[in-house]
Amino acid sequence: MYNSNIEKAFIELIRQNDRLIYKVCSMYISDEFPLADLYQEVVYNLWKSFPKFRNECSISTWMYRIALNTCITVMRKELRRPQHVPILELNEHLIAPESMEENIKEMYRLIYQLNTLERAIILLYLEEKSYQEIADITGLTLNNIAIKIKRIKEKLKKMSEN
Amino acid sequence: MELHELKNTWTVLDEQLKKNETLNKQIIQEMLQKKSSRSLNKLINTSFINLIVWLLGIPISIWGYHLPRFENFLFPKILFVTIFVTAILMVIWSCYQLRNLMKIDFSKSVKDNMRSVNTYAIMLKKEKIAIYFGFAPIYYTLGILSYYELGADFSYWTFLVVAFIVGVAMTYWTYKRIYDTNIQAIKKCLDELNELNEE
């Protein structure tokens, strides 16, 4: 009975936050780890950690933390192999209006050139998280976050010019 | 593209995701299909191992039947004939089961797959009953009678008892942990896929 209640609560949580998981996963997909596999891995790790969640932070902070940790761990394993930016994979999943398609592709093309931690920070920044929330999720200090965001801005500008 | 442009693009993407039900459906569908495939592969592998074991039973029973030491004994010969007949029946049965399992294709209709899984589950139930109430008692009775006829010493009787306990435990474990668990997992995924398609 207890387990089935937990399971129901967890399924509901996933249903309510599936966009969050999707957005995190979309930052880290690769040939070896397509979207569905990453999504599954994140859900599995969330499920493992779910009983330990003690409301010490908001549910979204907790979910971002687990999802990002999972994707970064997977990505680090994958980095030993040659990388390929899977824009085609994104095309299959993103149903975007014609006018936006190129912009979204361009956005992901730029994001994929950032390193794993920078991708996490830019994702949280784009999700309009405060510096404090970004620091809570990533475990970095506020100063560090501010510096990193500044660097990412410069990096993006440089990449666009190229 | 600067950061504020990136933010605009992200907001548009976010809006699209809010509206895009098919995206989630597609991801969930892929997840369920992968999960089912893993369970199906476990079932196929186990059935394949079963087939090999029963195939090996055919030459072993022929070899045992012709052993000179059993020449003048009735029950060991009956035991080997029983093993031979069972092995042939089980090879045919395993091939039939494998053929049924191979029919399952998660990219095709959920209803057809459900039918195949249910047929397989019924076949397995029949097999379980045949083993627990048919083959196992016959084998062990023949084993006891053969040992009695051969005048086997204490160590052979101990071996028979241990073999009986290990055999029952292994059979129970295989049915419970491999067959039942994976069949239930496939059925659950198929039910969820069905629900997803009906939504």
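The values are calculated or read from the model by the stated rules, or taken from the named source; none is laboratory data. Quantities reported herein were computed from a predicted structural model and do not represent experimental measurements. A quick note on method: Cβ atoms are made from the backbone with ideal geometry, for glycine too, and the neighbour counts reach across all protein chains shown. Accessible surface is based on the protein model in full, side chains and every heavy atom, while ligands, DNA and RNA are left aside. Shrake-Rupley method; radii C 1.70, N 1.55, O 1.52, S 1.80 Å.
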Next item on the list: Determine, from the Cβ-Cβ distance of residue B:163 and residue B:125 and an R0 of 22 Å, the FRET efficiency 1/(1 + (r/R0)^6), rounded to the nearest 0.05.
Entry: 0.30
Note to self: Please report the accessible area of residue B:73 (heavy atoms, 1.4 Å probe, ligands and nucleic acids excluded) in Å², nearest 10.
What the structure shows: 60 Å²
Margin query: In whole Hz and in residue order, list the ³J(HN,Hα) couplings for segment A:154-162 that follow from phi through the Karplus curve 6.51 cos²θ - 1.76 cosθ + 1.60, θ = phi - 60°; x for Gly and Pro.
Written below: 5, 4, 5, 4, 4, 5, 5, 5, 6
Notebook entry, point to check: To the nearest 10 square angstrom, how much accessible area does residue B:65 have with a 1.4 angstrom probe?
Noted result: 80 Å²
Item checked: FRET efficiency estimate (nearest 0.05) - Cβ-Cβ, residue B:8 to residue B:138, R0 51 angstrom -> 0.10
Check: Is chain B best put as rounded, prolate or oblate by its Cα gyration tensor, with a ≥ b ≥ c the root eigenvalues, rounded for a/c under 1.5, and otherwise prolate when a/b is larger than b/c, oblate when not?
Finding: prolate
Checklist line | Chain-alone versus full-assembly comparison, segment A:121-145, residues with accessible loss of at least 10 Å² (1.4 Å probe) | finding: A:122, A:125, A:126, A:127, A:128
Next item on the list: Any chance you could list P(r) for segment B:46-88, counting all Cα-Cα pairs in 10 angstrom bins from zero, rounded to whole %?
Entry: 31, 46, 19, 4
Check: How much of the accessible area of segment B:69-113, probe 1.4 Å, is carbon plus sulfur, in whole percent?
Finding: 66 percent
Note to self: Quick check: net charge around residue A:155, other residues with Cβ under 14 Å of its Cβ, Lys/Arg +1 and Asp/Glu -1?
What the structure shows: +4
Notebook entry, point to check: Per residue, how much accessible area does chain B show when a 1.4 Å probe rolls over the protein heavy atoms, in square angstrom?
Noted result: 61 Å²
Item checked: Links that overshoot a 25 Å alpha carbon limit, given the list A:77/B:35; A:77/B:18; A:105/A:157; A:129/A:150; B:126/B:187 -> A:77/B:18
Next item on the list: Can you give me the three principal axis dimensions of the protein assembly as shown from its C-alpha atoms, in Å, biggest first?
Entry: 94, 44, 41
Notebook entry, point to check: Given a 1.4 Å probe, how much area per residue of segment A:107-161 is accessible, in Å²?
Noted result: 49 Å²
